[in-house]
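In what follows, a single structure is set out as structure tokens and then discussed.
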Amino acid sequence: MGTMLDMPTDKLRIRVCTGMHCSMDGGGNPLGRAIQQALTDAGVMDQVEMWSAHCLGECENGPCVRIGSDRFYHIHLEDVPQLVRNEILPRIGR
Ligand code: FES
């Protein structure tokens, strides 16, 4: 995952919060890796850009993930398959 700020892209941008609160709540890097693995398994990593975020400003609702301009809260490892199937793949036309 990169850490650069917003830049123009035609890929779906997925930002996983790796801030302290979200990481302590079970998100952070392990969550980002799980999403990345699921997208790799689905063969769509070339259609997304994964980024980390130091804080998405919603610590009390963490772990937080942003997909495009939409935010998702309380996302844990066990939620990754559903998140990918229901929220990521449809956004890239799959
Ligand atoms: S640490 Fe994740 S939203 Fe603040």
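One quarter of the surface of the convex hull around the alpha-carbon atoms of segment 15-92 equals 4.3 nm², the direction-averaged projected area.
In terms of packing, defined here as the mean over residues of other Cβ atoms within 10 angstrom, the peptides 12-25, 81-94 line up highest first as 12-25, 81-94.
If only the Cβ of Lys and Arg carry +1 and only the Cβ of Asp and Glu carry -1, the dipole of the chain around its Cα centre is close to 180 debye.
Using C-alpha pairs under 8 Å with a sequence gap of at least 6, the mean separation divided by the residue count of the chain gives a relative contact order of 36 percent. Kindly express, to the nearest 10 degrees and within the range 0 to 90, the angle between helix 28-41's C-alpha long axis and the longest C-alpha principal axis of the chain. The helix 28-41 is inclined about 10 degrees to the chain.
Since every read-out is calculated from the coordinates, none of them should be taken as a lab result. Note that the structure is predicted; figures quoted are calculated from it, not measured. Please note: Cβ atoms are built from the backbone with ideal geometry, for glycine as well, and neighbour counts cover all protein chains shown.
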